[in-house]
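Only the coordinates and a few stated rules stand behind these numbers; no lab work does. All figures in this text were calculated on a predicted structure; none of them were measured in a lab. Virtual Cβ from ideal backbone geometry, glycine too; neighbours counted across all protein chains shown.
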Amino acid sequence: MAIYTAGFAEWSAERFFVELNERGIDQLIDVRLNNVSQLAGFAKKRDLEYFLRVICGVTYRHEPMLAPTSEMLKDYRSGKVTWAEYEERFVKLLDSRRVESLMSREIFEGNPVFLCSEHRPDKCHRRLTVEFLGERWGIESTVVHIV
């Protein structure tokens, strides 16, 4: 089973939707805290949901429970905490939210992609989210980062 992740920063809309089509993605799980920002461009919630459905036949789900808090993001972006500290805080947040109990395993079914804005997956919560859920649910999968 493959679970995909993608960050839309540094992507053109064309490349983004071509990548999803070529990989047979059937559902997009948006793990951003703020999915309506003007900075999101083509990836603003209403636009993205429409484009996914019309261009790719992909369903859209926004799951803010899988997003960091605004304070966590601010602390990391300002350099107040290191990536290692952010990662530890984020995993504790997922644990305290009991996301593995509240989320349905169906988000791993089919050919899903987890989306946030960060281009690279090495310092991104979408990777941490997929790893956390896979581990908690005991699901063996290959995580494929579309970059």
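Taking the number of Cβ atoms within 10 Å of each Cβ as an exposure proxy, the fewest-first ranking of His119, His145 is His119, His145. Lysine pairs in segment 2-146 with alpha-carbon atoms under 25 Å apart, 8 or more places apart or on different chains: how many are there? Taking the Cα cut-off of 25 Å, the pair count is 9.
Among Ile146, Ile25, the order by Cβ neighbours within 10 angstrom, fewest to most, reads Ile146, Ile25. For Cα Rg over 2.2 N^0.38 Å, the choices are [x] 0.99; [y] 1.65; [z] 1.35; which was calculated from the structure? The listed entry that was calculated here is [x]. For Arg105 and Glu88, the difference between the fully extended length at 0.36 nm per residue and the C-alpha to C-alpha distance is 3.8 nm. By the beta-carbon count within 10 Å of each Cβ, the least crowded to most crowded order of Cys124, Cys56, fewest first, is Cys56, Cys124.
What is the spin-label model distance, in nm, from Arg97 to His119 if the labels are put 7 Å beyond Cα along the C-beta direction? Distance between label points: 2.6 nm. The magnitude of the dipole of the chain, with charges of +1 and -1 set on the Cβ of Lys/Arg and Asp/Glu and taken from the Cα centre, is near 420 debye.
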